[in-house]
Amino acid sequence: QVQLVESGGGLVQPGGSLRLSCAASGSFFSIDVMGWYRQAPGKLREPVAQITSGGTTYYADSVKGRFTISRDNAKNTVLLQMNSLKPEDTADYYCHATIFLQNYWGQGTQVTVSS
């Protein structure tokens, strides 16, 4: 079993910053890919940012230049630093991990960008 626990969501004004963190625990040797997805009300879940165990990153076009993903392989954690937040970033954010082709998800943390 693999558990992913997120933290760091909340309410922030437009232009503000938040940092999301996710910690993985359970029975595994290593995590291939860690990342974040988000789902806004009435919309499909979409990828936001991902990072491989080797440090290769992927960002959705909508967050490039504003969000930064990082991970600590020794601690099995992944961080998402979100700057210059916009109202359209409002969504539930889900931590994701891929281990030996199996996908795991956290419970989600809510991010609301509003004045």
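The values are calculated or read from the model by the stated rules, or taken from the named source; none is laboratory data. Quantities reported herein were computed from a predicted structural model and do not represent experimental measurements. Counting neighbours? That spans all protein chains shown, and the Cβs are built from the backbone with ideal geometry, glycine included. Each accessible area value is taken on the protein alone, full model and side chains, heavy atoms only, with ligands, DNA and RNA left out. Shrake-Rupley method; radii C 1.70, N 1.55, O 1.52, S 1.80 Å.
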Linear extension gain, T68 paired with S17, 0.36 nm per residue minus alpha-carbon span | 17.2 nm
Roll a 1.4 Å probe over the protein chains and send me the accessible area per residue for the range 1-97 in Å².
-> 52 Å²
At 0.890 mPa s and 25 °C, Stokes D of the range 68-112 from Kirkwood alpha-carbon radius, µm² per second = 201 µm²/s
Would you please give the residues with an amide H less than 5 Å from that of R71, counting only those at least 5 places away or on a separate chain, with H modeled from the backbone geometry?
-> L79
Of every hundred units of 1.4 Å-probe accessible area on the chain, the number belonging to carbon and sulfur atoms, as a percent, is 49 percent
Taking amide H positions as placed in the peptide plane 1.01 Å from N, state which residues far from L85 in sequence (5 or more) or on other chains have amide H under 5 Å from it.
-> G15, G16
GNM result for the chain, Cα springs below 10 Å: residue of Q13, Q102, Q81 fluctuating most strongly = Q102
What does the accessible area of F100 come to, in Å² to the nearest 10, when a probe of 1.4 Å is used?
-> 150 Å²
Modelled label-to-label distance, N83 and S30, 7 Å Cα→beta-carbon offset: nm?
-> 3.0 nm
Cα Rg over Rh - the range 1-74, Kirkwood | 0.97
